[in-house]
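Remarks on the structure that follows.
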Amino acid sequence: MKQLSIIIPSFNSEDTINETINSVIRSAECLDYEILVIDNGSTDDTCNLVNKINHPEVQLLHTSRGRSKARNFGIQKATGKYLMLLDADDQICDGHLERGINYLDNHDDFFSYIDDTLLLRGETMLGKATIIKDKAYSDLVKENFIHISAPIFRNMDIALFDENLSFNEDWLFWIQNLKDKKMYVTNQHIGSLKLITGKNTMADPKMKSTRIYVYSHLDANELKKYVGIKRLLIDMIWYKMYQKNFIELENDIRGKFTGIYVLASLIIKTPFARVLLEKWVLKSETTLVYKAI
């Protein structure tokens, strides 16, 4: 068994994949690790670049299209005691891997170790990806504050990614895997860098449209305590605005929130409300999401 498995899904990632892999190799120099690059149908030079790295701990594997499918395949193939998920446009910062592994080795009751993530556009630092200070599971249920590359976690009893989701799949993954488990969250260190490019999905307004699907996986007590009717209605309206893009989620959403689904349907059919909602969506699409913190 390896000490650590780093799982990197890739799709047409030729601009960033080299530096992503090399950042892991530099940071994991003293560890027993493996890097699993899971390519899901790249048509550019990504696979050739990975093969050229020619490092004994780098494996190139293949799946069909889908980021969640690639991550799941990597999780199932991983042999590490600990896991880390890394996007092909992320980079690991020095010290992150050793800090996380040392902490988990010395705290058997903790499931995960989480550092901060810094956003970069070119050479410009945009700030931290999220605010993680003093955050806990109760905060995670309300909003995803965990960037995909921030946690190092134990490879045990992992709930896989929902392959129906193309947005917020990581949020649902963390909710399902961190519930009733202890996580050590620290903002004292930058653990990883996220490179902001035109290929990122974080700024897509359709992100908001699948929040309601994530909520459909919460129990009644969590919904009442952490989310509330107002939040559910707002996110149901977002879902209805982009419903045609997420038909595969319809049964789960409508079955869980029948009353709110009907109310949201009535609201968006109101002409005045429709005009306001279209302006709302347009504003969301043109708002700069990445702001320095």
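Of note:
- Within segment 6-38, the residues that satisfy the criterion of being surrounded by fewer than 24 Cβ atoms within 10 Å (Cβ to Cβ) and among the hydroxyl-bearing types (S, T, Y) are T16, S23, S27, Y33.
- Complete set of residues in segment 158-167 that are in contact with a helix residue (DSSP H, G or I) (Cβ under 7 Å, 6 or more places away or on another chain) and either at pLDDT below 95 or part of a helix (DSSP H, G or I) (or both): E163, N164, L165, F167
- Residue match in segment 62-78 (condition: in contact with a Phe, Trp or Tyr (Cβ under 6 Å, 6 or more places away or on another chain), in the same structural domain as S10 (by TED's automatic domain parsing) and part of a strand (DSSP E or B)): no
- Screening D32 on (1) within 19 Å of S149 (Cβ to Cβ); (2) of a type outside the set (S, T, Y); (3) in contact with a Lys or Arg (Cβ under 8 Å, 6 or more places away or on another chain) shows it passes everything except condition (1).
- Residue count for segment 123-165, restricted to those that are surrounded by fewer than 16 Cβ atoms within 10 Å (Cβ to Cβ) and out of contact with any Phe, Trp or Tyr (no Cβ under 9 Å at 6 or more places or on another chain): 8
- Where a residue in segment 226-245 is farther than 11 Å from K206 by Cα and hydroxyl-bearing (S, T, Y) and its partner, wherever it lies, is at pLDDT 90 or above and surrounded by fewer than 16 Cβ atoms within 10 Å (Cβ to Cβ), with Cβ under 7 Å and at least six apart: Y226/S138; Y226/K142
Yes/no per residue for (1) touching a His at 6+ places or on another chain (Cβ under 8 Å); (2) part of a helix (DSSP H, G or I):
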position	(1), (2)
D94	no, no
I101	no, yes
D105	no, yes
S112	no, no
T117	yes, no
L120	no, no
L126	no, no
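- Scanning segment 34-53 for residues that are of a type in the set (D, E, K, R) and closer than 18 Å to T79 by Cα yields one hit, E34.
- Screening I53 with (1) touching a residue at least 40 places away in the same chain (Cβ under 8 Å); (2) surrounded by fewer than 17 Cβ atoms within 10 Å (Cβ to Cβ); (3) more than 24 Å from D105 (Cβ to Cβ); (4) touching a helix residue (DSSP H, G or I) at 6+ places or on another chain (Cβ under 7 Å) gives one miss only, at (1).
- Residues being modelled with pLDDT of 95 or more and either part of a loop (DSSP other than H, G, I, E, B) or more than 17 Å from the chain's Cα centre (by Cα) (or both) - total across segment 197-216: 1
- For the residues D105, D87, D109, D157, the requirement of being more than 18 Å from the chain's Cα centre (by Cα) and under 27 Å from Y215 (Cβ atoms) singles out D157.
- Taken over segment 141-177, the residue count meeting the criterion of being of a type outside the set (D, E, K, R) and over 19 Å from I6 (Cβ atoms) is 13.
The values are calculated or read from the model by the stated rules, or taken from the named source; none is laboratory data. On a predicted model such as this, the values are computed, not experimentally measured, just so you know. Neighbour counts are summed over all protein chains in view; Cβ atoms, including those assigned to glycine, are modelled from backbone coordinates with ideal geometry.
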